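Student: Below is one structure. I have some questions about it.
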Amino acid sequence: MAGIRVVHYINQFFAGIGGEEKADTKPFKKEGVVGPGSALQAAFGEEMTIVGTVICGDTYFNENLDTVIPEIIKMIAGFNPQVFIAGPAFNAGRYGVACGAVCEAVARQLKIPVITGMYEENPGADMYKKSAYIIKTGNSAAKMRQAIPAMAKLALKLGKSEAIGTPEEEGYLPKGIRINIWYEKRGSARAVDMLIKKLRGEAFQTEYPMPVFDRVTPRPALKDLSKAKIALVTSGGIVPKGNPDRIESSSASKFGTYDLTGFDDLTAATHETAHGGYDPVYANQDPDRVLPVDVMRVLEKEGVIGSLHNTYYATVGNGTSVANAKKYAHAIGLELKEAGVDGIILTST
Amino acid sequence: MRLELGYISVKDVKFGEKTELRDGIVYVNKAELLETIADERLAKLDVDIVHPGESVRICPVKDVLEPRVKVSGSGNVFPGFFDDAKTVGEGRTHVLRGMGVMTVGKIVGFQEGIVDMAGPGADYTPFSQLINLVILADKVEGLKQHEHEAALRMVGLKATRYVAEVSRNAEPDEIKVYETKPLQEQLLEYPGLPKVAYVYALQTQGLLHDSYLYAVDAKKILPTLIYPTEVMDGAVISGNCVSACDKNTTYHHLNSPVIYDLFEHHGKDLNFVGVVVSNENVTLLDKERSSNYAAKLIKSMGVDGVIISEEGFGNPDADLMMNCKKIEAEGIKTVLITDEYAGRDGASQSLADGHVAANAVVTAGNANAVITLPKLDKVIGYVDAVNTIAGGFDGALAADGSITIEIQAITGATNELGFNRMGGSVI
Amino acid sequence: MIKELEEVVDVPCVHICTVVPISLTVGANRIDPAVAIPHPLGNPALSPEDEFSLRRKIVEKALQALCTDVSEQTVF
Amino acid sequence: MLTEELLIVTNNPRVKEMTDFRHCWVEGECREVIMQAYNFVAQGHQLISHPLAGSIKPNQNPYKSILISRLSGEVDIAALKLAENCLRKAEELMENKIPIDLNVAYGQDLQLVDQDLLLNALQSIQEGR
């Protein structure tokens, strides 16, 4: 087979297997093109060939992250590709996350260029834009016709190791990745030019925009508390008795997801703290002292709040790295968004 | 102050019977040089000469200097080290252009600083473009690290001074004149032009992290106003041995790029009135004090804009931001020069500090970027250091002799005075 | 965590925490101060009834925070 | 400031030997020391030396000493933010840890450089008292 070898990843829907009812499809592979792969292949011409396609249901993927990614990587590696393409996922959230996650894993493990396509508000876009080239697409599969040529063009460039242009030139979402380039003038001369412009009140372009540290725009207030679904999250380490996920007492490497169905009150018999940063006696005696399930249930019964979300999330804040805390919160956030909660209470010790 | 810099282009550097400058070639009597720089604290001193394009790797490089000699005007180059610190910056100084004096040696175990004279690594260091007189020195048994650093620093200054002497009576190929008048006069000189100063922050924190102003340990100074030409005569020198990519070598100070580039625009689109030398100390109190004082000085000078440069990693980001914030608060425009530690993938935040006032930043690039340097034919120094130098990997030294490292191990790669064309950008 | 939750879920979030300055630096917009590190929403010195009502007060304040528009970081 | 008003958060054995001073000994690497200092600052201790003093990166030198005040008062938000930023930077760099054989003289050198930065900080604040 001629040309640069490409493997393509799509979900059950684009493979023509079915919609939501087939989203639990386990991963499998097929030789050659499937679904949108044919349009990509047409755009590649002779230079690149889709040698195989890997297909997985979105629900199966997102519910089996730990096992599914190695499985898929193995299938992809079996085709011995030089470039990997996923999607496009448009605005499909779980599909976008899957495309991004597979791209990230392929890039890291197989060390080949990866590319996908998404609508910029797809949650997968923000999560994986640093790891993959994500071609900016429209928000639905109706925009396939526009998405394919841009993806094919960039894939060809990547496959041929050609220089990749700016996000504007190539149509990918800005990765926010810092790179080194050779400017025409040395740094000091650029600084003098910049100062002259700044002094004259002319437009100038900083080479390093200051990241906005630590601020998120406050979201608007709840309109009607009595209809609101409120979720509880804690970094105080409250876990079911026996700490089933073995969350570490400090520098936690994970968070736990726990069901509150049927619990009106947390007690020493049912829950405990995994936190190692403070005296655990009080929290172990009555875990409500860290995670106020008892009060929330009363407020729920009284109709003060609409409902308490029946899943709570717990990790241990003590010694957990800033990056990990952010990562856990991101994952928790995606689930809470999907669950349609209206407000969140985070408790910390 | 008016300083003439007489540039003598060096065609080659060779060992010879007599140390002299003949037909553009610098001849060095090796024995005499070794005798001149001899120091009881140092054992095995040796000298080598390397040229651009030669397959040579030098590591770990401590300092690079440029031979300059005071032909007229008061004082000596590197004031305070060999004399009573007479003020420099006036008269005429001769420069052996195209030549470097490089000191090499391990002061502490992890010391870094690679200069490749050929191959891809050569693009990252300005010193691959110089003909270098390389001085290799080992310490005597039992010598303390502080003493070792001081001894090696003095060897560099002495050797440079010794070699520079050959240019005293030479006819320069080019003469450039730099002049800054006393502040009051200078401020009035170009009434229509914006008045600009330079805040020159130096790494000053302790062992291997020091800089000297007129031979004074600069951690002990409060920010102070000097004439730009004083810097050209070696008023500022390096005692900084870590963070090879963004430490300022003495060569950088002598050729301090912001100073020369501000002079390029002087009288045309700005009025360059002076330099404020500042420091980067360990305590937050010192940082606050120095930035308060620098901002006060800058304000009292009545300038409209300043360029602020940085030296080193991490904590100097705080000095940079404090200077920026406080000077901008006085209504004075700032442009900053920094470099970045954005991770090998460029995905992390570049600086350890930030401030909204810092809206005009020039960056010298991401020091965590990775490069593979192929094996070169000859090594001067200790290439085994590569495995443990800053930015090295486990097994950085491959079987084929190539090394994979972060560019932070390359001397001058992301110089925060803005010496290089390389810089950071975003995709 | 709180920042990321507010950003991702796109709903108001409130941080019940003991060390308010930490909450401020981690960027919480709505902050509800708690009792003490080992027992942020309780006080073992109180009777169970009093402790419950203390906890209820703290939670009610948190809910009130969720129902209040803020333009910057606010400690309730 | 007086010696007894200071607390050195450290994992550097060489600094531990400075018996005139009070120490908070940290088991762990550079990041853990910064984390500990961050926690102190959150509790209202003053941050006296910059957590990223020196140009040797946290993934190159496991030894770290940070000077804080022994007594606590009002939390200094600016210092807390600074400490948090330093912690984040240290964590990012620690992802690419450089393997170091601390059993050779090399480890002593790293301890010495860390200690010297601390000594310079101490000298500065003691001259200013």
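The values are calculated or read from the model by the stated rules, or taken from the named source; none is laboratory data. None of these values were measured; they are calculated from a predicted model. Because the Cβ atoms are built from the backbone with ideal geometry, glycine has one as well, and the counts that use them run over all protein chains shown. The protein model used for the area step is the full one, side chains on, heavy atoms only, and it has no ligands, DNA or RNA in it. Shrake-Rupley method; radii C 1.70, N 1.55, O 1.52, S 1.80 Å.
Student: Quick check: anything in segment A:299-316 at pLDDT 95 or above, crowded, with 19+ Cβ neighbours inside 10 Å and charged (D, E, K, R)?
Tutor: No, there is no match, as no residue in segment A:299-316 is at pLDDT 95 or above, crowded, with 19+ Cβ neighbours inside 10 Å and charged (D, E, K, R).
Student: If you don't mind, there's one more thing I want to ask. Would it be correct to say that A:GLY78 is closer than 18 Å to A:THR53 by Cα, open to solvent by 40 Å² or more (accessible area, probe 1.4 Å) and modelled with pLDDT of 95 or more?
Tutor: Details: closer than 18 Å to A:THR53 by Cα: yes; open to solvent by 40 Å² or more (accessible area, probe 1.4 Å): yes; modelled with pLDDT of 95 or more: yes.
When the stated conditions are applied, A:GLY78 passes them.
Student: How many residues, within segment A:286-303, are part of a loop (DSSP other than H, G, I, E, B) and either among the hydroxyl-bearing types (Ser, Thr, Tyr) or more than 10 Å from chain C (Cβ to nearest Cβ) (or both)?
Tutor: 1
Student: Here are the criteria: (1) touching a residue at least 24 places away in the same chain (Cβ under 8 Å); (2) touching a Ser or Thr at 6+ places or on another chain (Cβ under 7 Å); (3) open to solvent by less than 20 Å² (accessible area, probe 1.4 Å). Tell me which single one D:SER55 does not satisfy.
Tutor: Failing condition for D:SER55: (1).
Student: In addition: Taking segment A:20-41 only, how many residues are over 22 Å from the mean Cα position of the chain (by Cα) and farther than 16 Å from A:PRO88 by Cα?
Tutor: Total meeting the criteria: 7.
Student: Continuing with this model, one more query. Take the residues in segment B:259-285 that are within 14 Å of chain D (Cβ to nearest Cβ) and touching a residue at least 12 places away in the same chain (Cβ under 8 Å); name whichever of them is farthest from B:PRO191 (Cα to Cα).
Tutor: The selected residue is B:VAL282.
Student: Can you name the helices (runs of 4 or more DSSP H) wholly within segment A:123-216 that have at least 2 residues being facing chain B (nearest Cβ under 10 Å), among the hydrophobic types (A, V, I, L, M, F, W, C) and in contact with a strand residue (DSSP E or B) (Cβ under 7 Å, 6 or more places away or on another chain)? Outline the logic, then answer.
Tutor: Numbers: elements: A:123-128, A:144-159, A:167-170, A:187-200.
By residue number, A:187-200.
Student: Could you tell me how many of the residues in segment A:201-254 are exposed (fewer than 13 other Cβ atoms within 10 Å of the Cβ) and at negative phi?
Tutor: 14
Student: Collect the residues in segment C:31-75 that are of a type outside the set (A, V, I, L, M), at pLDDT 90 or above and closer than 20 Å to D:ASP76 by Cα, keeping them in residue-number order.
Tutor: Residues satisfying the conditions are C:ASP32, C:PRO33, C:THR74.
Student: Here's a follow-up. Given (1) crowded, with 23+ Cβ neighbours inside 10 Å; (2) closer than 28 Å to B:LEU373 by Cα, identify the lone condition not met by B:GLU54.
Tutor: Only one criterion is unmet by B:GLU54, namely (1).
Student: If you don't mind, there's one more thing I want to ask. Select from segment D:33-47 the residues that are more than 13 Å from A:GLY319 (Cα to Cα), open to solvent by less than 10 Å² (accessible area, probe 1.4 Å) and touching a strand residue (DSSP E or B) at 6+ places or on another chain (Cβ under 6 Å) and list them in ascending order.
Tutor: D:VAL41, D:GLY44
Student: Looking only at segment A:313-343, count how many residues are under 16 Å from C:GLU6 (Cα atoms) and among the hydroxyl-bearing types (Ser, Thr, Tyr).
Tutor: 2
Student: Looking at segment A:224-238, is at least one residue away from chain C (no Cβ under 11 Å), over 16 Å from A:LEU346 (Cβ atoms) and at pLDDT 90 or above?
Tutor: Scanning segment A:224-238 turns up at least one residue that is away from chain C (no Cβ under 11 Å), over 16 Å from A:LEU346 (Cβ atoms) and at pLDDT 90 or above.
Student: Across segment A:122-136, what is the number of residues that are open to solvent by less than 10 Å² (accessible area, probe 1.4 Å) and over 20 Å from A:ALA77 (Cβ atoms)?
Tutor: Result for segment A:122-136: 5.
Student: Another question about this same structure. If we scan segment B:238-247, do we find a residue that is in a helix (DSSP H, G or I) and among the polar types (S, T, N, Q)?
Tutor: no
Yes/no per residue for (1) more than 7 Å from every other protein chain (Cβ to nearest Cβ); (2) of a type in the set (Phe, Trp, Tyr); (3) more than 24 Å from A:ALA228 (Cα to Cα):
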site: C:LEU5; (1), (2), (3): no, no, no
site: C:VAL9; (1), (2), (3): no, no, no
site: C:VAL14; (1), (2), (3): no, no, no
site: C:CYS17; (1), (2), (3): no, no, no
site: C:ASP32; (1), (2), (3): yes, no, no
site: C:ALA36; (1), (2), (3): yes, no, yes
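Student: Does A:ASP259 satisfy the criteria of being open to solvent by 60 Å² or more (accessible area, probe 1.4 Å), more than 20 Å from C:PRO40 (Cβ to Cβ) and in contact with a strand residue (DSSP E or B) (Cβ under 8 Å, 6 or more places away or on another chain)?
Tutor: yes
Student: Here is a check on your reading of the model: is A:ASP279 surrounded by fewer than 18 Cβ atoms within 10 Å (Cβ to Cβ) and more than 24 Å from A:ALA98 (Cα to Cα)?
Tutor: Answer is yes for this residue.
Student: For chain C, give me every one of the helices (runs of 4 or more DSSP H) that falls completely inside it and has 2 or more residues that are in contact with a Cys (Cβ under 9 Å, 6 or more places away or on another chain) and hydrophobic (A, V, I, L, M, F, W, C).
Tutor: C:2-9
Student: Right, next: Within segment A:267-285, which residues are of a type in the set (Gly, Ala, Ser) and more than 7 Å from chain C (Cβ to nearest Cβ)?
Tutor: Correct list: A:ALA268, A:ALA269, A:ALA274, A:GLY276, A:GLY277.
Student: Taking B:LYS144 as meeting all but one of (1) without any contact (Cβ under 8 Å) to a residue 24 or more places away in the chain; (2) under 25 Å from B:VAL379 (Cβ atoms), write down the number of the exception.
Tutor: (2)
Student: Only residues in segment B:297-313 that are in contact (Cβ under 8 Å) with a residue 24 or more places away in the chain and more than 7 Å from every other protein chain (Cβ to nearest Cβ) count as the first member; pair them with residues that are of a type outside the set (A, V, I, L, M) and surrounded by fewer than 20 Cβ atoms within 10 Å (Cβ to Cβ), Cβ under 6 angstrom, at least 6 apart or cross-chain, and list the lot.
Tutor: Here the result reads B:LYS299/B:GLU330, each pair linking segment B:297-313 to a residue that is of a type outside the set (A, V, I, L, M) and surrounded by fewer than 20 Cβ atoms within 10 Å (Cβ to Cβ).
Student: List pairs: first in segment A:176-194 and without any contact (Cβ under 8 Å) to a residue 12 or more places away in the chain, second part of a helix (DSSP H, G or I) and surrounded by fewer than 21 Cβ atoms within 10 Å (Cβ to Cβ), Cβ under 6 Å, 6+ apart or cross-chain?
Tutor: A:VAL192/B:HIS265
Student: Given the conditions (1) facing another protein chain (nearest Cβ under 8 Å); (2) open to solvent by less than 20 Å² (accessible area, probe 1.4 Å); (3) on the phi < 0 side of the Ramachandran plot, and given that D:ASP114 satisfies all but one, which numbered condition is not satisfied?
Tutor: Evaluating D:ASP114 over (1) facing another protein chain (nearest Cβ under 8 Å); (2) open to solvent by less than 20 Å² (accessible area, probe 1.4 Å); (3) on the phi < 0 side of the Ramachandran plot leaves (1) as the failure.
Student: Here's something else I'd like to know. Considering only residues of segment A:81-121 that are of a type in the set (D, E, K, R) and touching a Ser or Thr at 6+ places or on another chain (Cβ under 9 Å), which is surrounded by the fewest Cβ atoms within 10 Å (Cβ to Cβ)?
Tutor: Selected residue: A:ARG108.
Student: List the residue pairs whose Cβ atoms are under 7 Å apart, where the first residue sits in segment B:70-85 and is of a type in the set (Val, Ile, Thr), the second is open to solvent by 50 Å² or more (accessible area, probe 1.4 Å) and not in a loop (DSSP other than H, G, I, E, B), and the two are 6 or more positions apart or on different chains.
Tutor: Listed by first residue and then by second, the contacts come to B:VAL71/B:ARG92; B:VAL77/B:ARG161.
Student: Related question: Tell me, which residue of segment D:11-32 that is within 14 Å of chain B (Cβ to nearest Cβ) and at pLDDT 95 or above is most open to solvent (accessible area, probe 1.4 Å)? Explain how you work it out, then say what you get.
Tutor: Quick first cut of segment D:11-32, residues within 14 Å of chain B (Cβ to nearest Cβ) only: D:12, D:14-15, D:30-31.
If we keep only those that are at pLDDT 95 or above as well, we get D:12, D:14-15.
Details: D:ASN12: 0, D:ARG14: 77, D:VAL15: 0 Å².
The qualifying residue most open to solvent (accessible area, probe 1.4 Å) is D:ARG14.
Student: Given D:ALA37, D:ALA53, D:ALA83, D:ALA79, which one is within 20 Å of B:ASN281 (Cβ to Cβ) and outside any helix (DSSP H, G or I)? I'd like the intermediate steps shown before the answer.
Tutor: On the way: D:ALA37 fails: outside any helix (DSSP H, G or I); D:ALA83 fails: outside any helix (DSSP H, G or I); D:ALA79 fails: outside any helix (DSSP H, G or I).
So the residue among D:ALA37, D:ALA53, D:ALA83, D:ALA79 that is within 20 Å of B:ASN281 (Cβ to Cβ) and outside any helix (DSSP H, G or I) is D:ALA53.
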